[in-house]
Structure formats: structure tokens, C-alpha cells
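Enquirer: One structure follows; several queries about it will come next.
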Amino acid sequence: METNKLKPLRVLIVEDNENDALLLIRELKKSGYDPKYQRVQTAREMQEALDKNTWDIILCDYKLPNFSAPKAIELLKETKKDIPLIVISGTIGEDTAVECMRAGAHDYLMKGKLSRLAPAIEREMRDAEIRRMHKQAHDALLASEEKYRLVVENAQEAIIITQDLKIAFANRAAINQIEYPEEMLLSRPFTNFIHPDDQNIIVDNHLRRLRGKEISPVPPFRIITKGGDTKWVNLSAAAISWEGKPAVLNFLNDITEQKKAEESLRQSEERYRLIFENSPLGLLYFDKNGTIVHCNDNFVKIIGSSREALIGLNVINLPDQKVVSAVQQALHGKTGYYEDDYHSVTAAKITPLRALFAPMTLEGSFVQGGVGIIEDVTDRKKIEKERKKNFEKVRKALDATVRAMATIVETRDPYTAGHQQRVAQLAQAIATEMNLDNEQIEGVRIAGLIHDIGKIAVPAEILTKPGKLTPLEYSLVKVHPQSGYDILKDIEFPWPIADTVLQHHERLNGSGYPRGLKDNDIILQARILAVADVVEAIASHRPYRAARGMDAALEEIYKEQAILYDKDVVEACIKLFREKGYELS
């Protein structure tokens, strides 16, 4: 990640082990931070660091030779500075962690599970910012009624005043957050809006705060909206006097999405463990020397022999040089790939394999080893052969089906028999001349074969009328693109056939039908089909007029290029006829 895109972070690390501190810094950099840090390991060093510098976060080991997390928390409290402190330890137990939280720590992490570090820091920095905002709002309320009105009524966080276990005041954000109208919120017990499982602790803290007792940070809790939805909120609160009586000023911040993210992260970590252990793929880790240090059961199954024979095997010394090359790429910071019949050196087994080897890095560029993902592709190779055969059969069946659909139209409109076929061939040639890829070319051809399928909804007497159509009759004919779309829209073609059919009478200047689309709102396939359709129609005989000829057709699209028709499509079409000898067949 480029340095100018990293988020600056001032970190005070209370840690006696420099390597552990560097691991924290590496995790922060990997998570998108640009940390400026100082490592301290005594109370005096921490005090000096707090006095001389400003810090965003404090990461504190639980136990140091001459210091500890509880003492660090105590020291931080004495400074009156609101800096989130997160305890990080390799051995801390749950009871000890809870004691740290009660003492004032904002979170705790295990050294072996640092994936939660960045989310925890982001959360605590956001909460610290919210606390600072709350304090500013509280000071403003005391300073001026006008400031009170501006700050409170326009605050993004919910502000609620509770008194006598009821809601005495709620700002707009609170009303929006809980989703009850103001008249229903006010003078009602605030427990009505709290999840039943969380009510006791919130009420207990409310009463303790009113009695002036010290209260540990309130954990996130759930509120119930008018619609019955559950939201998670963070609470910051302070005892105040409201209209001459004791009350509590509460700031609620909606952290529902954050809680979802944290739960997702926890589940993700568990999934990663389960994936490694139960993956149908073979997974292995190797160190910076190429020696296998860990693998899952499926790796053993794919390669053969036993875990004991594979752990400690140096893959750099394998006789298969393709494997060696792929692993060496990983050890040089790149991704290596392997696909071949692998001859196992730990068992008499030859297995078609596909493998990826990726580096594991430390401090950005230092490669400490790599990971391998191994797949046995024996069955896949067999399936691919069968799939190619089946795909060809399906393609032939689809083509036959499309031709049958085209025949339906021609049986109702014999005067234009062959029109769809000729349009499809010309559209395919134009798409080829424009260097579209094979799939796009095939999609244009298929759309051309059935572009007039919607005419089955037009009365036959109109389709076969030898003379000029009346306005009403013409309006019925103009329905055929929409009718064609309605017929085709639910068929799962691998190309945008329905949209191409719908738009083949649209024109760049918006004069087409049925929707009057303009310019790039018309898909390329439809712009190609429009030109092919017009050229074939002008050049061919119709019951109500004689064929006007190819020169007239090409003159028409040349004159209207960039007005009605796509310029690139027109140029490709004219080139086909005038330079490459293309003929309508």
C-alpha cells in the first residue's frame, strides 16, 4: 500500500519485548495504518511519553518485569487524558481480562490473534472521538441555550435525558434511531425501548450514576425500535440536573453495523481454521528455506504417505523442477503456479495436480515462508473432456432451436422468408470486421436469426399486405420489438438476445422505437443489427415495392451515419461490400 494512502496513527506501546512490539507495528501497517510509535516499559517512561507527546492509542502488555497493565491504567487515569488503552497479552485469562476492563481498559487481545487489532483500534478511536464530541456538546449545553439548541437538535448521535426512569427529553437523532414519535417517547419508562436481556444492567447503572457512584464503562446494549428491529448502541452518560431534579444525560451511538462486522470477523477467523483443517484442497505451510512445517489431511491424502513423512520435507530438493520453480517464486515474493502429473517422493503415486504457491511476508518485503494450495485434478480432467462434448451438443441444439423459432416467423410472413437469415449473416460479418470477440459475434448472429420473432404477435393480413400500411397498421407492426423481447426475456441465453431484439429499431438520435433510446443507451449488438436489418430491407424485394438495390442501401446508411446509425458499424458494413466483395445470399 502506498504510504500516502496509509492512515496516520500515533501509538504508545507499553512492552518490554521489542519483537512483540514490531509484530504489532507490522499488523498495523498491514491493516492500512502509518504508525508513529514509541515503546516504553516502565511507569516513568510512560509518564514522560504522555507528558511530551499526543497519542491516539495505547497498546499495553499485561505484565512487564517492572510494570503492568493495571498500573498503566491507573497512571493513565491520573493524567485525566482520554486515550483508549488496549491490553495485549499472550497468557491473560478471561477473569484477568475482565478485571482490566473494569479498571478502565477499553479492550483486550491475545498476541496470537492480532487480526482483531485494527478493528479494535478503529472502534476505540471512533469511540474516543465520540466521547470528545459528547464532552464538547455537554459544555456547550451548559454555556448557552442557543448552543444547546444548535448542538443537540442537529447532533448525529442520539441524545436522551432520563429522569425518574423515564425519558424526559430526546433529540431528533434519538427519535430517528428508536423510530418512535416524540410524544410516545417522552414520559415513558426508558426500559420500554431496551431489549429485555439488557434492561437490568442499564437500570442499575442509571441508578448508581444518580447516586454519584463510580461506574465501569457500559458495554454495548440493544434497543428495540417501533418496528420491532434490534439495534446495538454504545452509551456515554453523565449525571446532570434537569429542571431542578437529578437526571442522566445519555449519548447513544448506533453501532449495529460495527457489531455485525465484529461478529463477521469472529466467524471469519473460525471459518479460516475450519477451512484449513477440513478443506477438500491440500494446504501446506513452508518456511523461508522451503521446508514443510504444517499441512492438512487432504494434502497428505493427495500426495500420499503420512504427515510424519511430509513434515520436514524440503520442497526445494524435490526432483520435479516445476514444483521447485513455483516454490522459489513464492520465496522471492511472487506467486508460483504448477500444473502437471506429480510423482510423489513419499509414496508410489502419480497424481495430476494443480497448485498455487504464495509468499508469506513480514514487514512488507521480508518473506518468512509460503503457503501452498494443492488440488487433485484427476476427476476434473475427465469432466472437462465430457463437458466439451456436451457443450458442443448443447450449442447445436440451441442453434437448431433458434432456427426453428426463425422459421415460425417466416411461415407467417412468406414475403420476407430468408430475411432473418440474411440479416444474421450480415450482422455476423460486421461484428467480425469490427474485431469483436467470438462470443459477441455468436450472440449477434443468434439475435439476427430471431430479431423479428415478435412479428408472430402482428396479424398475418398486415404482414402480407401488398400495399402501403395505414398509420394504425404500422403502429401494430412497431410493437414487434417489444413482443419479441417479452417472448425471449425469460430464456437464459449466454448473450443479451432479448435486449438486442428489443433495441434493433432504436436510432442514435432517439427517433427509433419502441423506447426512443439514444447513443450508448443502445447496446452495441443492437446497433450492429440495426444496420444489417436496414441494408437487407432496402436491398431486397418487398410485396409493396421492388428491391432498391445494394447501392441505395449503402447510400442510406452512409448518409445517416452518426445520426441514425453507429459510425463504426456503418464503416465496417460498407467496407465489407465495397472492398471485400461481400454479397447477401
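FYI, it's all coordinate maths here, none of it is from the lab. None of these values were measured; they are calculated from a predicted model. Don't worry about glycine lacking a Cβ; one is built from the backbone with ideal geometry, like all the others, and counts go over all protein chains shown.
Enquirer: From the square roots a ≥ b ≥ c of the eigenvalues of the alpha-carbon gyration tensor of the range 155-260, which class results: rounded (a/c under 1.5), prolate (a/b over b/c), or oblate?
Expert: oblate
Enquirer: So, one more: Mind checking the range 1-78 for GluC sites (Glu not before Pro) that DSSP puts in a loop (not H, G, I, E or B) and that have at most 15 other Cβ atoms within 10 Å?
Expert: Those satisfying the criteria are GLU2.
Enquirer: Right, something else. Quickly work out the GLU579-to-ALA239 label distance, labels modelled 7 Å from Cα along the C-beta direction, and quote it in nm with one decimal.
Expert: In this crude label model, ALA239 to GLU579 measures out at 9.0 nm.
Enquirer: Here's something else I'd like to know. Determine, for each peptide in 216-226, 268-278, the mean count of other beta carbons within 10 angstrom over its residues, then list the peptides with the highest first.
Expert: 216-226, 268-278
Enquirer: List LYS135, LYS388 from most exposed to least, where exposure is judged by having the fewest other Cβ atoms within 10 Å. Show your work: numbers first, answer last.
Expert: Working: LYS135 14, LYS388 10.
Ordered from fewest to most neighbouring Cβ atoms within 10 Å, LYS135, LYS388 come out as LYS388, LYS135.
Enquirer: If you take semi-axes √(5λ) of the Cα gyration tensor in Å from the coordinates, which of (i) 45, 28, 23; (ii) 67, 42, 22; (iii) 50, 28, 22 do you get?
Expert: (ii)
Enquirer: Determine, from the Cβ-Cβ distance of GLU571 and ARG548 and an R0 of 25 Å, the FRET efficiency 1/(1 + (r/R0)^6), rounded to the nearest 0.05. List each step's numbers first, then the result.
Expert: Values: r = 21 Å, r/R0 = 0.85.
The formula returns an efficiency of 0.70 here.
Enquirer: Using 7 Å Cα-to-Cβ label points, what is the ARG273/THR335 separation (nm, one decimal)?
Expert: So the label points at ARG273 and THR335 sit 2.8 nm apart.
Enquirer: For the chain, what does the helix formula give at 222 nm: sum of -39500 (n - 2.57) over DSSP H segments with n ≥ 4, over the residue count, nearest 500 deg cm²/dmol?
Expert: Details: 23 runs with 276 residues, N = 585.
Here the helix-only value at 222 nm equals -14500 deg cm²/dmol.
Enquirer: Something else: How high is the FRET efficiency between ASP34 and THR470 when r is their beta carbon distance and R₀ equals 60 Å, given to the nearest 0.05?
Expert: 0.20
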